[in-house]
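The values are calculated or read from the model by the stated rules, or taken from the named source; none is laboratory data. None of these values were measured; they are calculated from a predicted model. With ideal geometry, Cβ positions are generated from the backbone for all residues, glycine too; neighbour counts draw on all protein chains shown.
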Amino acid sequence: MYFKILKKIAGIVGFKLIEKNIIKNDRLIGSKSFLNTNYFLQKIFNNKIEILVQIGANDGVRFDELSYFIKSRAPKSILVEPIKFYFDQLSKNYFNYKNVFLENSAINQEGKTNYIYKVSNKFLNKYDEHVLGINSFDKKHLLKHGVKFKHITTENVNSISIKKLLEKYNITKLDLLYVDAEGYDGNIIIDFLETCTFDPIIIFEYIHINHEIFKTLLSKLNSKGYYYFKVDENLICFTENKKKLIL
């Protein structure tokens with residue numbers, strides 16, 4: 001009864017509460033499932049990935065399934081992380097990897113200076129490690145993860161559009177686009193599909209994307225001839241000519 005009342009109140013003020021057990025159970029299943037994201041990354045990289053872009057790279061270690069493949073298979077890798085503290089850690093973790101190029105920016109459609117919500121450093125010890133990876137353009141994203149309003153601060157970040165990013169690093173082909181942008185994933189991929197001509201395998205976290213944006217995103221993927229399926233909290237997307245790399 002208490003949860004129903006709280007859920008109704010939250011709906012009135014524009015929030016939607018998600019039963020935490022659903023997310024926790026899904027993550028537990030995913031960690032032990034045979035068909036998980038890492039399984040498909042193994043298949044993809046066994047079929048040769050030469051160039052990739054990772055948006056939301058964080059520190060290159062925490063919850064990062066790509067790091068092993070970037071370091072062991074040495075594809076040209078553009079890693080994007082907007083928060084300076086995590087970017088500095090990312091730089092240390094990829095020090096001396098000549099195949100890796102780092103971009104300290106956020107990706108958005110406007111490509112202008114913006115700011116990101118995050119947990120203030122002085123309150124990080126009040127939360128588990130997962131909170132380090134939930135920085136977002138949307139304050140509600142932190143609140144629905146249980147972060148207290150007074151513990152949230154902002155950080156000014158430079159930003160660049162996905163098209164300008166690819167131009168900046170002279171990307172003339174793209175094999176994999178991997179996005180974990182804490183709810184902004186849909187906006188980034190829609191912009192990519194509208195402004196870029198590549199047809200890479202696309203992997204992104206879908207669970208935090210606004211429903212209307214997600215519908216638009218699926219429509220764009222369909223129009224570009226993409227197939228897709230969900231694994232863990234990710235959607236894995238591929239065109240007909242990439243099907244043999246996945247299945």
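For this structure, a couple of remarks:
- All positions within segment 217-242 that are over 23 Å from Leu165 (Cα atoms) and among the hydroxyl-bearing types (Ser, Thr, Tyr): Ser219, Ser223, Tyr227, Tyr228
- Set Glu212, Glu194, Glu205: member being farther than 29 Å from Ile70 by Cα, of a type in the set (D, E, K, R) and modelled with pLDDT of 90 or more: Glu212
- Within this structure, Asn158 passes the test of being surrounded by fewer than 20 Cβ atoms within 10 Å (Cβ to Cβ) and closer than 20 Å to Gln109 by Cβ.
- Scan of segment 161-196 for residues that are hydroxyl-bearing (Ser, Thr, Tyr) and assigned to a loop (DSSP other than H, G, I, E, B), ordered by number: Ser161, Tyr169, Thr172, Tyr184
- Residue count for segment 213-247, restricted to those that are free of Cβ contacts under 8 Å to residues at least 60 places away in the same chain and in a strand (DSSP E or B): 9.
- Restricting attention to segment 215-242, the residues that are at pLDDT below 95, within 18 Å of Lys173 (Cβ to Cβ) and among the basic types (Lys, Arg) total 1.
- Cβ-Cβ contacts under 6 Å between residues 6 or more apart (or on different chains), taken from a first residue in segment 134-155 that is over 15 Å from Ile83 (Cβ atoms) to a second residue that is part of a helix (DSSP H, G or I) and modelled with pLDDT under 80, are listed as His151/Phe123.
- The condition of being closer than 19 Å to Ile134 by Cβ and touching a residue at least 12 places away in the same chain (Cβ under 8 Å) holds for Ile209.
This table checks each residue for (1) in a loop (DSSP other than H, G, I, E, B); (2) modelled with pLDDT of 55 or more; (3) in contact with a strand residue (DSSP E or B) (Cβ under 6 Å, 6 or more places away or on another chain).
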site	(1), (2), (3)
Gly11	no, no, no
Gly14	yes, no, no
Phe34	yes, yes, no
Ile70	no, yes, yes
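- Selection over segment 89-117 of residues that are modelled with pLDDT of 95 or more and of a type in the set (Asp, Glu) gives a count of 1.
- For Asp199: the one exception among (1) part of a loop (DSSP other than H, G, I, E, B); (2) touching an Asp or Glu at 6+ places or on another chain (Cβ under 8 Å); (3) within 15 Å of Val53 (Cβ to Cβ): (2)
- Meets criteria (in a helix (DSSP H, G or I), at pLDDT 85 or above and in contact with a Lys or Arg (Cβ under 7 Å, 6 or more places away or on another chain)) for Phe45: yes
- Lone unmet requirement of (1) touching an Asp or Glu at 6+ places or on another chain (Cβ under 6 Å); (2) more than 24 Å from Phe63 (Cα to Cα); (3) among the polar types (S, T, N, Q) for Asn234: (2)
- Residue list for segment 89-122, restricted to those being surrounded by 14 or more Cβ atoms within 10 Å (Cβ to Cβ) and part of a helix (DSSP H, G or I): Gln89, Leu90, Ser91, Asn93
- Breaking point among (1) in contact (Cβ under 8 Å) with a residue 40 or more places away in the chain; (2) β-branched (Val, Ile, Thr); (3) touching a strand residue (DSSP E or B) at 6+ places or on another chain (Cβ under 7 Å), for Ile202: (1)
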